[in-house]
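Asks: Pasting a structure below so you can have a look.
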Ligand code: SF4
Ligand SMILES: [Zn+2]
């Protein structure tokens with residue numbers, strides 16, 4: 001799997017990348033029984049795709065949650081896969097990575113309030 005260098009991104013986008021990576025790892029470990037930091041080929045492909053989308057996001061640092069995005073730049077198939085990951089990993093994030101989970105939830109709520 002090819003990893004994208006994070007260094008060209010700043011602030012919020014780095015945190016979003018970290019969050020999606022953690023969520024895909026939880027999903028892969030739970031559903032595909034992978035160990036350690038490795039991912040199965042399918043989840044590796046999804047992570048690369050999500051990172052590539054984030055790096056090209058037209059909203060940049062001002063982006064809101066992808067689930068509320070008016071553009072939604074994901075292909076229908078990839079969108080379906082990422083929704084599956086969110087459903088599985090969302091509740092588990094609160095136990096394993098509470099800081100990331102709360103930040104993720106708050107960013108969605110802040111956007112909804114506007
Ligand atoms: S779905 Fe929308 S917010 Fe998410 S990366 Fe694509 S364009 Fe940006
Ligand atoms: Zn997997």
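Asks: Among the residues of segment 56-85, what is the count of those that are assigned to a helix (DSSP H, G or I) and buried (at least 16 other Cβ atoms within 10 Å of the Cβ)?
Replies: Residues flagged as assigned to a helix (DSSP H, G or I) and buried (at least 16 other Cβ atoms within 10 Å of the Cβ) within segment 56-85 amount to 4.
Asks: Can you find a residue that is closer than 22 Å to residue 103 by Cβ, modelled with pLDDT of 90 or more, part of a helix (DSSP H, G or I) and within 13 Å of ligand 2 (Cβ to nearest atom) anywhere in segment 7-23?
Replies: yes
Asks: Shifting gears a bit: Which of the residues that make up segment 49-67 are more than 16 Å from residue 11 (Cα to Cα) and touching a helix residue (DSSP H, G or I) at 6+ places or on another chain (Cβ under 6 Å)?
Replies: 49, 50
Asks: Would you mind stating whether residue 46 is more than 12 Å from ligand 1 (Cβ to nearest atom) and touching a helix residue (DSSP H, G or I) at 6+ places or on another chain (Cβ under 8 Å)?
Replies: Here the answer is yes, as residue 46 does meet what is asked.
Asks: Got a number for residues in segment 9-28 being free of Cβ contacts under 8 Å to residues at least 24 places away in the same chain and crowded, with 19+ Cβ neighbours inside 10 Å?
Replies: 2
Asks: Quick one: is residue 45 part of a helix (DSSP H, G or I), within 21 Å of residue 101 (Cα to Cα) and either within 16 Å of ligand 2 (Cβ to nearest atom) or over 10 Å from the mean Cα position of the chain (by Cα) (or both)?
Replies: Judged against the criteria, residue 45 is not a match.
Asks: Hey, residue 101 hits all of (1) surrounded by 12 or more Cβ atoms within 10 Å (Cβ to Cβ); (2) in a loop (DSSP other than H, G, I, E, B) but one; which does it fall short on?
Replies: Condition (2) is where residue 101 drops out.
Asks: Spot the failing condition for residue 39; the list is (1) assigned to a helix (DSSP H, G or I); (2) under 15 Å from the mean Cα position of the chain (by Cα); (3) within 16 Å of ligand 2 (Cβ to nearest atom), and only one is missed.
Replies: (1)
Asks: Answer with yes or no whether residue 31 is away from ligand 1 (no atom under 14 Å from the Cβ) and surrounded by 12 or more Cβ atoms within 10 Å (Cβ to Cβ).
Replies: Yes; evaluated as a whole, the condition is true for this residue.
The values are calculated or read from the model by the stated rules, or taken from the named source; none is laboratory data. On a predicted model such as this, the values are computed, not experimentally measured, just so you know. Neighbour counts run over all protein chains shown; Cβ positions are idealised from the backbone, glycine included.
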